[in-house]
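Working notes for the structure below.
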Amino acid sequence: KQLTRGQCRQLVVCMLYEYQLSGNNPENILQYRVLDEGYSEVTRKFVEKLFRGIIDSQEKVDEIITKHLIDWDFERVAPIEKNILRMATFEYLPPHATPPEVVINEAVEISKSMGSAHSSQFINAVLDKIASSLNLL
């Protein structure tokens with residue numbers, strides 16, 4: 001079964017959330033959530049690339065996010081929002097360099113379905129600042 005890119009991103013956010021809260025081995029999460037589910041090769045590769053890449057780059061990604069939080073402590077950001085920001089920020093970085101409009105739109109849509117009432121505004125504002133600072137806008 002093949003997922004859209006948007007569905008893949010939502011799955012990755014769920015996997016990151018599970019990883020953050022449970023501390024389970026990322027490879028076990030990947031196996032259980034993706035490899036055992038019968039997804040198409042395209043879906044598996046995209047989800048795997050995002051999930052592994054975000055975990056491998058988490059320190060750098062968190063640093064970038066933290067620099068762009070105005071009057072807000074990174075540790076206080078809710079887990080879902082934190083992981084949406086991680087995924088989107090990772091996609092800004094080379095070699096991915098997903099267009100910022102796509103990144104922001106996908107992240108806002110995920111935050112509307114998974115986050116709190118004000119998540120989408122928060123996500124939009126932070127990602128806009130990050131994109132501007134990386135000269136993507």
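Per residue, the accessible area of the chain comes to 53 Å² when a 1.4 Å probe rolls over the protein heavy atoms. The chymotrypsin sites (Phe, Trp or Tyr not before Pro) of segment 39-112 that meet both conditions, a loop assignment by DSSP and at most 14 other Cβ atoms within 10 Å of the site Cβ, are Trp72. Computed over neighbours whose Cβ is under 10 Å from that of Leu30, the net charge equals 0, Lys and Arg +1, Asp and Glu -1.
Given a 1.4 Å probe and every protein chain left where it sits, what share in percent of the accessible area of segment 1-116 is carbon and sulfur? List each step's numbers first, then the result.
Values: 2920 of 6050 Å².
That share works out to 48 percent.
Taking all protein chains together, Cys14, Cys8 sort by accessible area into Cys14, Cys8, largest first [probe 1.4 Å].
Local charge sum around Glu41 (other residues, Cβ-Cβ under 13 Å, Lys/Arg +1, Asp/Glu -1)? Kindly include the intermediate steps, with their values, before the conclusion.
Details: positive: Lys1, Arg44, Lys45, Lys49; negative: Glu37, Glu48.
Overall, the nearby charge balance is +2.
Label-to-label distance for Asn105 and Lys45 is 2.3 nm, based on points extended 7 Å past Cα in the beta-carbon direction. Taking a ≥ b ≥ c as the square roots of the eigenvalues of the alpha carbon gyration tensor, the chain is prolate, as a/c is not under 1.5 and a/b beats b/c.
Net charge near Asn124: determine it from the other residues with C-beta under 13 Å of the C-beta of Asn124, scoring Lys and Arg +1 and Asp and Glu -1. Intermediate results must be reported in sequence, preceding the final value.
Numbers: positive: Lys112, Lys129; negative: Glu81, Glu101, Glu106, Glu109, Asp128.
The answer is -3.
With each run of n ≥ 4 DSSP H residues scored as -39500 (n - 2.57), what mean residue ellipticity at 222 nm is computed for the chain after dividing by its residue count and rounding to the nearest 500 deg cm²/dmol?
On the way: 7 runs with 96 residues, N = 137.
Theoretical 222 nm ellipticity from helices: -22500 deg cm²/dmol.
When the Cα gyration tensor is reduced to axis lengths a ≥ b ≥ c, the ratio a/c is 1.5 or higher for segment 6-49, and with a/b not above b/c it is classed as oblate.
For segment 1-73, which trypsin sites (Lys or Arg not before Pro) are both in a DSSP coil and crowded by at most 11 other Cβ atoms within 10 Å?
On the way: sites: Lys1, Arg5, Arg9, Arg33, Arg44, Lys45, Lys49, Arg52, Lys60, Lys67; in loops: Lys1.
When the trypsin sites (Lys or Arg not before Pro) of segment 1-73 are filtered for loop state and at most 11 Cβ neighbours within 10 Å, Lys1 remain.
For segment 69-87 versus segment 99-137, the inter-centroid distance based on Cα atoms is 12 Å. Computed from label points 7 Å out along Cα-Cβ, the spacing between Leu69 and Ala117 is 2.3 nm.
Taking Ile84, Ile29, Ile104 as the candidate residues, the one with maximal mean-square fluctuation in a Gaussian network model of the chain, Cα springs under 10 Å, is Ile29. Note on the chain: lysine pairs with Cα distance below 16 Å, sequence gap of 8 or more or different chains, count 6.
The values are calculated or read from the model by the stated rules, or taken from the named source; none is laboratory data. Please read these numbers as outputs of a predicted model, since none were measured by experiment. Here Cβ is always computed from backbone atoms with ideal geometry, including for glycine, and neighbour counts include all displayed protein chains. Accessible surface is based on the protein model in full, side chains and every heavy atom, while ligands, DNA and RNA are left aside. Shrake-Rupley method; radii C 1.70, N 1.55, O 1.52, S 1.80 Å.
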